[in-house]
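Reading through the structure tokens given below for one structure.
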Amino acid sequence: MSLLKEKDRPIVQLLFNTGTCPRCILRFCCVGSQTLYRHPYKDLMKDLKEFLQNNQENEDTVCFDPPCKRLRLKHTEEEPDDVNHNGALRQIPSVNNENTATENLAVGVCNVCLGILQEFCEVDFVKKVCQKVNSADYQFTSFVFSVSLPPQLSVRERAAWLLVKQEMGNLGLSLAKDDIVQLKEAYKWIIHPQLAEELLMESLFEVSVVFAHPETDEECHFLATACPDCFKPAKNKQSVFTRMAVIKALEKIKEEDFLKHFPCPPSSPKNLCVAVEIQCNNGAVFVAGRYNKYSRNLPQTPWIIDGERKLESSVEELISEHLMAEFKADSFNFSSSGREDVDVRTLGNGRPFAIELVNPRRIHFTAEKMKGLQQTINNASDKIQVRDLQLVTREAIGHMKEGEEEKTKTYSALIWTDKAIQREDIAFLDDIKELKLDQKTPLRVLHRRPLAVRCRIIHTMKSEYIDEHHFRLHLKTQAGTYIKEFVHGDFGRTKPNIGSLLNRTADILELDVESVDVDWPPTL
């Protein structure tokens, strides 16, 4: 709770003891940071506790009772024990069991906002609002958020303000009512960004004006003499006097030294500032889907070695070139749930992928337009096909990477053996379950992967006899298993392997990925 100051401590304690929620306490302490109000309720409560415990751990007056303890009491003719006859609040005993206090917090309703800044700021309520909006079937590209509040909140707000005003008067301080952050304003700070994320697939459009001044170096030069450590040449910077470097130096320089070198008040400048650049930037748009790769001569990403392209295209390029053209983006970033070798096909329901389109000029794409874009990609090449092409959020992409090594993948491998085999020679493979492998980093990827021994699991295998020297093996494995090395052994670097299990030399002729068991993105 870094934005709360020592002078706020009595107010925080007073309001906390009377059953006020963390966000209302922030409002009455005149905290204007919108980001802080958006922190989860439990985190704010924890931070408030820590703030109050500082320098007060040995005092009995610190109260961590759940907010609005009195509101949960039954109405009686007698006054509550925690209120004096003049209406002033007595000290409430502290609760030493933090877990109990935390559990009770969920049911305590704030005595100022009546829960507006508690339950109605949670994700479930935001989703409820969005469901109502979506069910109304409106089309829109932007929105204004307004709130109508119960009339008695104004009464409660005034009562709380008078309480705080009296306490601050006792401390020789003052608080103007206009200084308090209004409840509506705080609520919009919290809710508006959540609604924007839920209702719109677009993100923030930013216009930036970059100003410069010809006398910057001249006027800041004395700081470099006083604080040389703050100014170091940086790449892509025309001057060492960057904004952050100057701020850092001003924090270090002594006041008397500053006054020696710079006029106070500052002298009139010789020149006006110049607007050297006007920048426009749209927030990134994220597109996800699944791709099938049917070619055995196509890498997932551009195959370039020592500046020389080895193959003319890649999965990444065949998909992204159409997205870049339609969204008119500056650049893109491609990611996927694993990758296949250049000579491996990806069949079945495909491999999940996501593309971040940086600074797109076009962002409004309906589901129908995305379907048309998917068809355009598929018509342009017979090497790949995409499905379930859709707009997603940045956060949703995390589902693709979550627990990646715990996921399973299914493969089909065409295997050759040097010695003749019969059906009964390979039948035992079908009975092997949860086979544990130790795989050293394969020789073929050692140039780009660190040397390590990785434990991987072959969950199941099913053999399919072809002839005396060939059979097909269907495998379900832990993600990250090197299948080629499991077949031929990689000169003993993968143990056990098909060669050692069959007691003969084995090699892999073809490999197909039949499924990537990641339930993302949603099937359309």
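The values are calculated or read from the model by the stated rules, or taken from the named source; none is laboratory data. These figures come from a predicted structure and were not determined experimentally. Positions of Cβ are backbone-derived with ideal geometry, glycine not excepted, and every protein chain shown enters the neighbour counts. Keep in mind that these areas ignore ligands, DNA and RNA; they rest on the heavy atoms of the full protein, side chains included. Shrake-Rupley method; radii C 1.70, N 1.55, O 1.52, S 1.80 Å.
Only strands (runs of 3 or more DSSP E) wholly contained in the range 332-447 count here; list those with 3 or more residues that are among the hydrophobic types (A, V, I, L, M, F, W, C).
Values: elements: 345-358, 384-392, 408-417, 435-440.
In the range 332-447, the matching strands (runs of 3 or more DSSP E) lie at 345-358, 384-392, 408-417.
So L183 passes all but one of these: (1) open to solvent by 50 Å² or more (accessible area, probe 1.4 Å); (2) assigned by the TED database to the domain that holds P10; (3) at pLDDT 85 or above. Which condition number does it fail?
(1)
With (1) in contact with a Pro (Cβ under 6 Å, 6 or more places away or on another chain); (2) among the hydroxyl-bearing types (S, T, Y); (3) in the same structural domain as I466 (by the TED database) as the list, and T417 as the residue in question, which single condition is left unmet?
(1)
I'd like the residue in the range 210-242 that is polar (S, T, N, Q) and at pLDDT below 70 and, out of all such residues, is farthest from N281 (Cα to Cα). I'd like the intermediate steps shown before the answer.
Start the filter on the range 210-242 by keeping residues that are polar (S, T, N, Q), which leaves 216, 225, 236, 238-239, 242.
From the residues that got through so far, the ones that are at pLDDT below 70 too are 236, 238.
Working: N236: 20, Q238: 23 Å.
Filtering first and then ranking leaves Q238.
Here's the yes/no breakdown for (1) under 22 Å from the mean Cα position of the chain (by Cα); (2) under 25 Å from R296 (Cβ atoms):
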site: A325; (1), (2): no, no
site: D341; (1), (2): no, yes
site: L357; (1), (2): yes, no
site: G372; (1), (2): no, no
site: N379; (1), (2): no, yes
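Give the residues of the range 167-180 that are open to solvent by 70 Å² or more (accessible area, probe 1.4 Å) and either in contact (Cβ under 8 Å) with a residue 12 or more places away in the chain or in contact with a Cys (Cβ under 7 Å, 6 or more places away or on another chain) (or both), sorted by residue number.
If the condition is that a residue be open to solvent by 70 Å² or more (accessible area, probe 1.4 Å) and either in contact (Cβ under 8 Å) with a residue 12 or more places away in the chain or in contact with a Cys (Cβ under 7 Å, 6 or more places away or on another chain) (or both), then L171, L173, D179 are the ones that fit.
State all residues of the range 1-40 that are hydroxyl-bearing (S, T, Y) and either outside any helix (DSSP H, G or I) or at pLDDT below 90 (or both); if no residue qualifies, say none. Lay out the reasoning, then the answer.
Step one: filter the range 1-40 for residues hydroxyl-bearing (S, T, Y), giving 2, 18, 20, 33, 35, 37.
Listed by number, the residues that qualify are S2, T18, T20, S33, T35.
Going through L509, L475 one at a time, which residue ends up being touching a strand residue (DSSP E or B) at 6+ places or on another chain (Cβ under 7 Å), crowded, with 21+ Cβ neighbours inside 10 Å and in contact (Cβ under 8 Å) with a residue 12 or more places away in the chain?
That would be L475, the only listed residue that is touching a strand residue (DSSP E or B) at 6+ places or on another chain (Cβ under 7 Å), crowded, with 21+ Cβ neighbours inside 10 Å and in contact (Cβ under 8 Å) with a residue 12 or more places away in the chain.
Please go through the range 392-419 and pick out each residue that is open to solvent by 20 Å² or more (accessible area, probe 1.4 Å), among the β-branched types (V, I, T) and under 23 Å from F327 (Cα atoms).
T393, I397
In this structure, does K46 turn out to be open to solvent by 60 Å² or more (accessible area, probe 1.4 Å), within 26 Å of Q166 (Cα to Cα), at pLDDT 50 or above and of a type in the set (D, E, K, R)?
Taking the combined requirement at face value, the residue does not satisfy it.
Given the criteria under 24 Å from V513 (Cβ atoms), over 21 Å from the mean Cα position of the chain (by Cα) and open to solvent by less than 40 Å² (accessible area, probe 1.4 Å), does L389 qualify?
Yes: the conditions hold for L389.
Could you list, in sequence order, the residues of the range 350-373 that are crowded, with 16+ Cβ neighbours inside 10 Å and under 30 Å from K409 (Cα atoms)?
Within the range 350-373, G350, R351, P352, F353, A354, I355, E356, L357, M370, L373 meet the criteria.
Does L451 satisfy the condition of being loosely packed, with under 15 Cβ neighbours inside 10 Å, more than 29 Å from I466 (Cβ to Cβ), aliphatic (A, V, I, L, M) and assigned by the TED database to the domain that holds E510?
For L451, the condition - loosely packed, with under 15 Cβ neighbours inside 10 Å, more than 29 Å from I466 (Cβ to Cβ), aliphatic (A, V, I, L, M) and assigned by the TED database to the domain that holds E510 - is met.
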